[in-house]
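Asks: Dropping a structure here in structure tokens format, bear with me for questions.
Nothing in this text is a laboratory measurement; each read-out follows from the coordinates by a stated rule. Because the structure is a prediction, the values reported are computed rather than measured. Please note: Cβ atoms are built from the backbone with ideal geometry, for glycine as well, and neighbour counts cover all protein chains shown.
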Amino acid sequence: MNANGARVPAWAAGLAGVTAGAVALGVAELVAGLTTAGASPVVAVGGAMVDRTPAAVKEWAIRTFGENDKTILVIGIVVVAALIAAGLGLVARWRVGYGMAGLAVFGVVGIIAAVSRPDSGPLDFLPSMIGAAAGAWALVLLFRRAEPSSRAEPHPRAEPSTGAEPSTGAEPSTGAEPSTGAEPSTGAEPSTGAEPSTGAEPHPRGEPTIRRAGADLHTFDRRKLLTGVAVGAGVAGAGAVTGRLLGRRGDVTMARRDVARMLPRPTIAAKPLPAGADLHIRGLSPFVTPNYEFYRVDTALVVPGVDPRSWTLKIHGMVDRPVELTFADLLRRPLVEADVTLTCVSNDVGGPYVGNARWLGARLADVLREAGIRRGADMLLSVSRDGWTSGTPVDVVMDGREALLAVAMNGEVLPAAHGFPVRQVVPGLYGYVSATKWVTEIKVTRFDEDTAYWTTRGWSARAPIKTESRIDVPREGDRVPAGRTIVAGVAWAQHRGVDAVEVQVDGGEWRRARLAEVPGPDTWRQWSIDWDLAPGGHTIAVRATDAAGYTQTPNVAPPAPDGATGYHSIMVRAG
Ligand SMILES: Nc1nc2c(c(=O)[nH]1)N[C@H]1C(S)=C(S)[C@@H](COP(=O)(O)O)O[C@H]1N2
Ligand SMILES: [Mo]
């Protein structure tokens, strides 16, 4: 390859670059599917970005894109990669080697991202390496196809005999050659397009010696480039799809089915929910959040596929007897059912990151007692399969509340996205300091010695859930008939319990709402109130008081560093 490439028009060079980049990513996906899904360059780079993103940006992303934040990130990475690849294509016009060098640099970036993941495996350098090599090769082939024929070659390489060359090998038929269609005379030649098999013949019959007029010698070969691009796009697409399908081996559907068969009945079953726990008001969050509707917040771009047969939980650090539990060990322990509402610290006032479920699991406090927590330990640093960590105060877990190593959620084996096979659930603490999904390790330690994932990113080390309330009906901006309207929502103050909810319209008097029944202090509580609304616009606000006597503050605070405060209020129009 040489400066010939400079005669390839810019658009074509850019297109060749994008195609080479797509081949690189597609092949990398294929190799990742064969090895580890998490080592795909897009996933690895995305994961590295998630970990290095300032907390404020993460907040913004969650707020703006909600649960699509991961999809948006992946799309963003692919778009940026495409732009860079187009740039490499342009650089390759001067020297294809420069473009190849650029692809190599990206391969190295992908390798670094993949091997520095906390859950990386020994083969994780492969997808980026092989992908970059395939991309570089594709770039060379595309430029070879696109670049004008050189004077030194009186027999242009575009002849049927080139079927043996790697550059055209992907082409089943020489009929796609641009030279044939352009030259009316070639139609008479026996060796061309009509015969798909010619490529296999070492010396095709009637080999044309003068296929092109001199004027054509420096013409850029648009058709040849475009067929190459089409083949490249096909390779990229097939690689990506196959890789993703293969990557499903990390899929835990079968493993979850097996666990469903062996899941024991609870030793201590929860009492049936009080009949009045759910007010069954249209638009009001149901008391039990169905698993498929349960919010999901985590840093995992690919849900970790953890095999319960090889899963263990190591408990070590400041303990008298380090233990390592298998999944079977865990299921042999007494299993407890508990209704617990999870809340994310990132939830804005009035936001959606809160959900209530009935969990089944082993008591974390009992397991820790068997290991024997040493004096001075005040933190449990739990580690998930993908390296994420959370720091939970020891005293909270040991104070008698139903802190669980949960294996089931609402009567179903823990869904993969919610931590299969085992996660922590600790009533009263925000998820980031308690609810480790795919948990594999608990290090008993001290807050002044270890720092968990979000704490290193500026969030509080300790984070009890703040007393909060939310209006579910009507919705912000709704139009309601004037006159009597039902206002309803949920309120939570986990492990303290909600004692009162009050509603205010247009800054007037606070009126007490009706409270639904609850199974205990660890769940949210539905509330409702009927209000006579005069025609016109109204602002409706809500506040809760917990069983410790604390009433929500009107002071507005953002989620960082330890949970949002302020009243949830909505504007509606009556009439
Ligand atoms: N492994 C792992 N566990 C995790 C997280 C995470 O990023 N990784 N996020 C935590 C946070 S911030 C919350 S709010 C809860 C959310 O649990 P859910 O997705 O099951 O609703 O999981 C917690 N457990
Ligand atoms: Mo969270």
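Asks: Roughly what would the spin-label model give for Thr71 and Tyr550, points 7 Å off Cα along C-beta, in nm?
Replies: If labels sit at Thr71 and Tyr550, their model points lie 3.7 nm apart.
Asks: Where a ≥ b ≥ c are the square roots of the eigenvalues of the C-alpha gyration tensor, would you call segment 468-575 rounded, which needs a/c under 1.5, or, failing that, prolate if a/b is larger than b/c, or oblate? Write down the numbers at each step before the final one.
Replies: Values: a/c = 2.20, a/b = 1.54, b/c = 1.43.
Note, shape of segment 468-575 comes out prolate.
Asks: Rounded, prolate or oblate: which fits segment 374-523 when a ≥ b ≥ c are the square roots of the eigenvalues of the alpha-carbon gyration tensor, with rounded for a/c under 1.5 and prolate only if a/b beats b/c?
Replies: Numbers: a/c = 2.38, a/b = 2.04, b/c = 1.17.
Prolate, because a/c is 1.5 or more and a/b exceeds b/c.
Asks: Enumerate the lysines that Lys443 could reach by cross-link, defined here as Cα to Cα under 17 Å, with residues fewer than 8 away along the same chain left out.
Replies: Lys314
Asks: On to the next question. Would you mind putting 15-22, 325-332, 381-388 in packing order, based on average other-beta-carbon counts within 10 Å, highest first? Working shown, then result.
Replies: Values: 15-22: 28.2, 325-332: 16.2, 381-388: 22.2.
Packing proxy ranking, top to bottom: 15-22, 381-388, 325-332.
Asks: What helices does the chain hold that run 24 Å or longer along their axis, going by alpha-carbon atoms, with a Kyte-Doolittle average of -1.0 or more, using DSSP H for the helix calls?
Replies: Details: long enough: 10-34 (36 Å, 1.64); 69-92 (34 Å, 2.25); 96-115 (28 Å, 2.12); 126-146 (29 Å, 1.25); 222-247 (37 Å, 0.75).
Membrane-span-like by this criterion, though nothing is claimed about a membrane: 10-34, 69-92, 96-115, 126-146, 222-247.
Asks: Okay, moving on. How big is the antiparallel share of DSSP beta bridges in segment 267-457, given as a percent to the nearest 5?
Replies: On the way: 35 of 40 bridges.
Antiparallel bridges make up about 90 percent of those DSSP assigns within segment 267-457.
Asks: Along segment 520-533, what does the Karplus equation 6.51 cos²θ - 1.76 cosθ + 1.60 (θ = phi - 60°) give for ³J(HN,Hα), rounded to whole Hz, x for Gly and Pro?
Replies: Karplus values, whole Hz, x for Gly and Pro: x, x, 8, 10, 6, 9, 6, 9, 7, 8, 8, 9, 8, 9.
Asks: What fraction, in whole percent, of alpha-carbon pairs in segment 267-457 exceed 22 Å separation?
Replies: Numbers: 8135 of 18145 pairs.
Counting pairs separated by more than 22 Å, the tail of P(r) holds 45 percent.
Asks: Once each part is reduced to its C-alpha centroid, what is the distance from segment 333-397 to segment 79-104 in angstrom?
Replies: Rounded to whole Å, the Cα centres lie 48 Å apart.
Asks: So for segment 84-136, Kirkwood radius off the Cα pairs, Stokes-Einstein at 4 °C and 1.567 mPa s: how many µm² s⁻¹?
Replies: 113 µm²/s
Asks: Another one. Note the per residue figure in Å³ for the convex hull of the C-alpha positions in the chain.
Replies: Details: hull volume 113.7 nm³, N = 575.
Convex hull volume per residue, Cα atoms: 198 Å³.
Asks: Which GluC sites (Glu not before Pro) from segment 414-473 combine a DSSP loop assignment with at most 15 other Cβ atoms within 10 Å? Before the final figure, lay out the partial values.
Replies: On the way: sites: Glu441, Glu449, Glu468; in loops: Glu449.
Counting only loop positions with at most 15 other Cβ atoms within 10 Å, the GluC sites (Glu not before Pro) in segment 414-473 are Glu449.
Asks: Let me ask another. How many angstrom lie between the C-alpha centres of segment 476-547 and segment 439-455?
Replies: Between the Cα centres of segment 476-547 and segment 439-455 lies a distance of 38 Å.
Asks: Return the lysines within reach of Lys58: Cα separation strictly under 22 angstrom, same-chain partners fewer than 8 residues apart disregarded; answer none if there are no such residues.
Replies: Lys58 reaches Lys70, Lys437, Lys466.
Asks: Can I ask one more? Which residues' amide hydrogens lie under 5 Å from the amide hydrogen of Val302, considering only partners 5 or more residues apart or on another chain, with H built in the peptide plane?
Replies: Long-range HN contacts for Val302: none found.
Asks: Roughly how many Å is it from the Cα centre of segment 111-137 to that of segment 14-49, as a whole number?
Replies: Cα centroid to Cα centroid, the span is 9 Å.
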